[in-house]
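Below: the structure, in structure tokens.
The values are calculated or read from the model by the stated rules, or taken from the named source; none is laboratory data. Every value quoted in this text rests on a predicted model; they were computed, and no experiment measured them. Neighbour counts are summed over all protein chains in view; Cβ atoms, including those assigned to glycine, are modelled from backbone coordinates with ideal geometry.
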Amino acid sequence: MEPELSGTWYVLEGEPGEHLVMEALGQRLSGIWTSEALAQGFLARHPRLGMRVSPLESPALKEAFLRALGMLRVEGVLVDYEPGAHRARMARVEELLREVRRA
């Protein structure tokens, strides 16, 4: 797993089981931020989402998150996504799940 993804992940959550899902170019995507400040910055731009930032520190929590995304048919996650940025790094859910299980 890439070094910055080996630490705590910050994700957006709503009600139990509710995660941020976006659609772009025919793909279902979610987000992972590597710092709470980046995640809070995204949320500040989209307060109407009604979500909160939650840390995922353990491999078990990361695996549960990725499995939930899989059930939602999410194909990839944008890492440290900032609206308006011309490029965003994407990681495939299946690949991250394999990496988390190896950790």
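Within region 54-70, the residues that satisfy the criterion of being outside any loop (DSSP other than H, G, I, E, B) and either among the acidic types (D, E) or more than 16 Å from R98 (Cα to Cα) (or both) are S54, P55, L56, E63.
Cβ separations smaller than 8 Å between residues 6+ apart or across chains give the following pairs from region 5-25 residues that are over 18 Å from R73 (Cβ atoms) to residues that are part of a loop (DSSP other than H, G, I, E, B) and among the small types (G, A, S): S6/A103; Y10/S35. Scanning region 81-100 for residues that are touching a residue at least 12 places away in the same chain (Cβ under 8 Å), in a loop (DSSP other than H, G, I, E, B), out of contact with any Lys or Arg (no Cβ under 7 Å at 6 or more places or on another chain) and not aromatic (F, W, Y) turns up just one, E82.
Taking the residues in region 1-43 that are among the hydrophobic types (A, V, I, L, M, F, W, C) and out of contact with any Leu (no Cβ under 8 Å at 6 or more places or on another chain) as candidates, determine which candidate is nearest to E82 (Cα to Cα). Within region 1-43, the match that is nearest to E82 (Cα to Cα) is L38.
Only one of the numbered conditions (1) closer than 16 Å to E99 by Cβ; (2) at pLDDT 95 or above is not met by V79, and that is (2).
Please determine whether any residue of region 64-77 is in contact (Cβ under 8 Å) with a residue 40 or more places away in the chain, acidic (D, E) and either surrounded by fewer than 18 Cβ atoms within 10 Å (Cβ to Cβ) or within 24 Å of P16 (Cβ to Cβ) (or both). Explain how you work it out, then say what you get.
From region 64-77, those in contact (Cβ under 8 Å) with a residue 40 or more places away in the chain are 65, 68-69, 72-77; that's our starting set.
Remaining after also requiring acidic (D, E): 75.
From what is left, the residues that are either surrounded by fewer than 18 Cβ atoms within 10 Å (Cβ to Cβ) or within 24 Å of P16 (Cβ to Cβ) (or both) are 75.
Within region 64-77, one or more residues are in contact (Cβ under 8 Å) with a residue 40 or more places away in the chain, acidic (D, E) and either surrounded by fewer than 18 Cβ atoms within 10 Å (Cβ to Cβ) or within 24 Å of P16 (Cβ to Cβ) (or both).
Name every residue in region 2-42 that is loosely packed, with under 12 Cβ neighbours inside 10 Å and of a type in the set (S, T, Y), in order of residue number. Scanning region 2-42 gives no hits. Screening region 36-53 for residues that are in contact with a helix residue (DSSP H, G or I) (Cβ under 9 Å, 6 or more places away or on another chain) and not in a helix (DSSP H, G or I) and picking the one that is farthest from L5 (Cα to Cα) gives M51.
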